[in-house]
Amino acid sequence: MSSLLLTGLVAMLIQQAFATVAKMTLPVLGPLVADDLQLDPAFIGVFVSVAAVFGLITTLSCGNFIRRYGALRMSQLTLGVVGLGLAALSLGLLPAMALSAVLIGLGATVATPASSHILARHSPAKWAPVVFSVKQTGVPVGVMLTGLTLPAIAVTHGWPAAALVAAGACCLLALLLQPIRARFDSDRMPSQKLAWSDGLGTLRMVLSDAGQRPLAAAGFSFIGLQAVFTTFTVTYLVEVVGQSVPTAGSVFGLAMTIAIPARIVWGWVASGLLPAKMLLAGFGLSMFVAVAAMGLMSAAWPMAGVVAVVLACSATAVSWHGVLLAETARLAPEGQVGSMTGGVLAFGNLGQILLPSAFSALVVISESYLLAFTLCGLPAAIAGIWLLGGRRRRRTAPGN
């Protein structure tokens, strides 16, 4: 691995981790915030939904910004914007918290397209899946970092102080990235025009590409199902399976920990042992089976069985990211990696907005978690079948 690639990989992994810290700060501190402000804890879901909506706008529009200003500069801007969002959150005022959701949604979602642009330029095509997978371990690392640090700070100094610490860390990292900016933004195009229609152009670019359409379907269903898993697992284990809150939290924590090596392993598999589209097809079908098995769990299940199913969900529904991003980059036209990645992830943001809401509605209407898990997993199975059917249609991006 070249020193340039190694530098870019480490920088983008850390950037991805702190963008995740920004997104996870309120969900982790939510009970303390709700108690302090005398709010229903359900408001956290509103915050997450607002952030996801503005994240959808960003992922569609960021490609031309990346080409004009450079992926490293946009990474710095990402960290600065989410830092401002966290500072607004620390004020503890509802209008400021709404602004916080907007800023975090606009900023954090640029992290993946920007980092994909950098790594696609410097990664050998054969090893791109494992490189992207290592970079994407920044997401579970960020989740773990948030959980290990911010609650302790909040208990000692108050939750606004914890939010400010996270804000300061994001802004500091933006400054620390400056020395490598010239090396990684040498391909920027200052003459690139920006327009309000850029988002629609990104959508058209993804939907008009036969290779990218099934990847967009995978992004929608995989990210949506991941959101279902991460949002409802602890509640399901407590309310239906009969586990205590500490036990359910420990099982979920173990699942998120397993996702770190799992992402790297799957990236290695896609780097030579199995074509990426075939592996992604397997993910779609496997995560459908895994979440359907979640719906079958009950208080009569042995703990070993409960843990096995939750880990199976983690190894599939939470561990596919690097493979999908590398395949998206491989099929993207030259210079369009940021735009194409943003377009595919925009469908993922849509899934993140719709599938958890659909899950909640299905549980309320049918009173059946099995039906909710199964129906929300069905789009992943359909995407898997689509990818499996199109596995022979391969195209190599220029320069690969």
Being of a type in the set (A, V, I, L, M, F, W, C), within 29 Å of SER339 (Cα to Cα) and at pLDDT 90 or above is the requirement here; does ALA111 meet it? no
Surrounded by 24 or more Cβ atoms within 10 Å (Cβ to Cβ) and not in a helix (DSSP H, G or I) - does that describe any residue in region 329-336? yes
Filter result for VAL306 (over 26 Å from ALA216 (Cα atoms) and either modelled with pLDDT of 85 or more or in a helix (DSSP H, G or I) (or both)): yes
Looking at the structure I just gave you, is GLY211 closer than 24 Å to ILE353 by Cα and crowded, with 16+ Cβ neighbours inside 10 Å? no
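The values are calculated or read from the model by the stated rules, or taken from the named source; none is laboratory data. All figures in this text were calculated on a predicted structure; none of them were measured in a lab. Using ideal geometry, Cβ is built from the backbone for each residue, glycine included, and neighbour counts are taken over all protein chains shown.
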